[in-house]
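Worksheet: one structure, shown below.
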Amino acid sequence: MTPPEPGPIPGVQQPPNITPPLKTQGGYVFPVYGPSSFTDTFGAGRGDVSGGWHHGDDIFAPIGAPVLAVASGTVFSVGWNAVGGNRLWLRDGQGNEFYFAHLSAYTPLAVNGNQVNAGDVLGFVGNTGDAQGTPYHLHFEIHPLELLGMGYDGAVDPTTYLTAWKHLQDVSFAGGTAWAPFRHTSQAPKPGAILISASDISVADGLDPGSLQRVMSSTATEGSPLPLSSSQPTGTPAAGQPTAAGRSR
């Protein structure tokens, strides 16, 4: 029996010859090459992912559309999982991390530890993982350096960045604010809402477990103080408790 001809490893394809994409002044590139569309679905309910909410945006494009490195940096965590399908991570020179999921295939550049340049083709749009049966798209997330300590929930809404990169503009990663729903919900929070979990407050900030419930259920007016613990007098807050100037570290 004649052995099969040598060929590419399944799941790996050679990148096409494309015109190098234009970069922002800061060196960032929109992650999908060619026609695509996206809307802001960050924070929408997702029952099959950590926390039950959508940590990124979906960029819809034809199957096989090139997926680009959004910045120069290091590729890591290349491989398969049940949710992301063919997925990979990229860390830029500042330490910010970017997640790409549902790829139909990789290119030879998608190797753990490989150094790539902004605009390099890392893979191709698909619908692998839990996206099977949905329109072909790239699931894309941004995890700024200063939020990496939050783990997977240290994601920020990528919509502003994607829109800016489309127009060759830069957006700072400094001061990014993560969002995690207090309860599993399919409703995104109102603009400007700051939602945090009860466990994060009681453990990290020294508040008693009932304080969050009182704050969430009270009707605040401009300039009014937050309700204090029932065990704390209405004078000076105890050491480690929040003041009007902000929360303790």
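The values are calculated or read from the model by the stated rules, or taken from the named source; none is laboratory data. Treat the numbers as computed from the prediction; the structure is a model and nothing was measured. Neighbour counts are summed over all protein chains in view; Cβ atoms, including those assigned to glycine, are modelled from backbone coordinates with ideal geometry.
Among the residues of the stretch 1-49, count how many are loosely packed, with under 12 Cβ neighbours inside 10 Å, modelled with pLDDT of 90 or more, assigned to a loop (DSSP other than H, G, I, E, B) and of a type in the set (Ser, Thr, Tyr). Here the count works out to 1. The condition (being at positive phi and at pLDDT 95 or above) is satisfied by just one residue among Gly133, Gly85, Gly93, Gly64: Gly64. Residue count for the stretch 111-147 satisfying the condition of being assigned to a loop (DSSP other than H, G, I, E, B) and under 16 Å from the mean Cα position of the chain (by Cα): 1.
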